[in-house]
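Enquirer: Once you've had a glance at the structure underneath, I'll fire off some questions.
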Amino acid sequence: MSVNISMIQLLQDDFTDKVMEILEWLKLSPKYLELEITESTLMESYEVIEEKLNILRRKGIEIALDDFGKGYSSLYYLRQLPISTLKIDKSFIETIESGGKHKTLANFMVRIGRTMGLNVVAEGVETQEQLDYLIKNKCHKIQGYFFSKPISGEAVIEYLTAKG
């Protein structure tokens, strides 16, 4: 399960303790939780956030860098932080069909993540061409409106029940 985390949450003194308490209350193993942080979140109080992310990662929680490529220092964060998942920003995916440098850049981002041993997720896939290109370039996971627009929890249950 992936959960978006805000800067305000990360900067709370008891954030790591609260996360672990919730997991214990839910009887959920930390390995099933992935916390998503954006690059813009990291620009505030980086040292404090880095320490908390390291603690959470040591406890088995996955950490995803969301909107990769949107900010200025993504590569620095990849090197320094205990990131396990790289989520490529949709602005790089939606231009794949333009060809040339747009395709090259999307492929490069997938390759960076794969080379670093990260789980790579492409966000914002809306067309068959985008999907085919990402599969061809071995992107691990793909999400976007191509598969489904956001739906309610009830609709998910109905869908899964119908699929058997």
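No lab work stands behind these numbers, since they all come straight from the coordinates. Quick caveat, the model's predicted, so the values are computed rather than measured. Heads up, the Cβs are rebuilt from the backbone with ideal geometry, glycines too, and the neighbour counts pull from every protein chain shown.
Enquirer: What longest region of the chain stays clear of trypsin sites (Lys or Arg not before Pro) that DSSP places outside H, G, I, E and B and that have at most 14 other Cβ atoms within 10 Å? Can you show the working numbers first?
Expert: Numbers: sites that count: Lys27, Lys59, Lys138.
Result, exposed sites excluded: 60-137.
Enquirer: Of the options Leu118, Ile61, Pro82, report the single residue whose Cα projects farthest towards the positive end of the charge dipole of the chain (beta-carbon charges: Lys, Arg +1; Asp, Glu -1).
Expert: It is Leu118, whose Cα lies furthest towards the positive end.
Enquirer: Right, next: For segment 14-107, what are the per-bin percents of Cα-Cα distances with bins 10 Å wide, up to the bin holding the maximum?
Expert: 15, 41, 27, 13, 4, 0
Enquirer: Ok, one more. Answer rounded, prolate or oblate for segment 80-164, using the Cα gyration tensor with square roots of eigenvalues a ≥ b ≥ c: rounded when a/c is under 1.5, else prolate when a/b is larger than b/c, else oblate.
Expert: Numbers: a/c = 2.45, a/b = 1.50, b/c = 1.63.
Taking the square roots of the gyration eigenvalues as a ≥ b ≥ c, segment 80-164 is oblate.
Enquirer: May I pose another question? Classify the chain as rounded, prolate or oblate, taking a ≥ b ≥ c as the square roots of the eigenvalues of its Cα gyration tensor: rounded when a/c is under 1.5, otherwise prolate if a/b is larger than b/c and oblate if not.
Expert: Working: a/c = 2.15, a/b = 1.23, b/c = 1.75.
Here the chain falls in the oblate category.
Enquirer: Next question. If you average over every viewing direction, what projected area does the convex hull of the Cα atoms of segment 11-58 give, in nm²?
Expert: Working: hull surface 13.6 nm².
Result: 3.4 nm².
Enquirer: Once phi is turned into θ = phi - 60°, what whole-Hz ³J(HN,Hα) does the Karplus curve with 6.51, -1.76 and 1.60 give for every residue of segment 149-155, x standing for Gly and Pro?
Expert: Working through the residues one at a time gives 6, x, 10, 6, x, 5, 5 Hz.
Enquirer: Given R₀ = 22 Å, FRET efficiency for Glu158-Thr127 by Cβ-Cβ distance, to 0.05?
Expert: 0.25
Enquirer: Please compute the modelled spin-label separation between Thr95 and Ser29, points set 7 Å along Cα→Cβ, answer in nm with one decimal.
Expert: Spacing of the two 7 Å Cα→Cβ label points: 4.1 nm.
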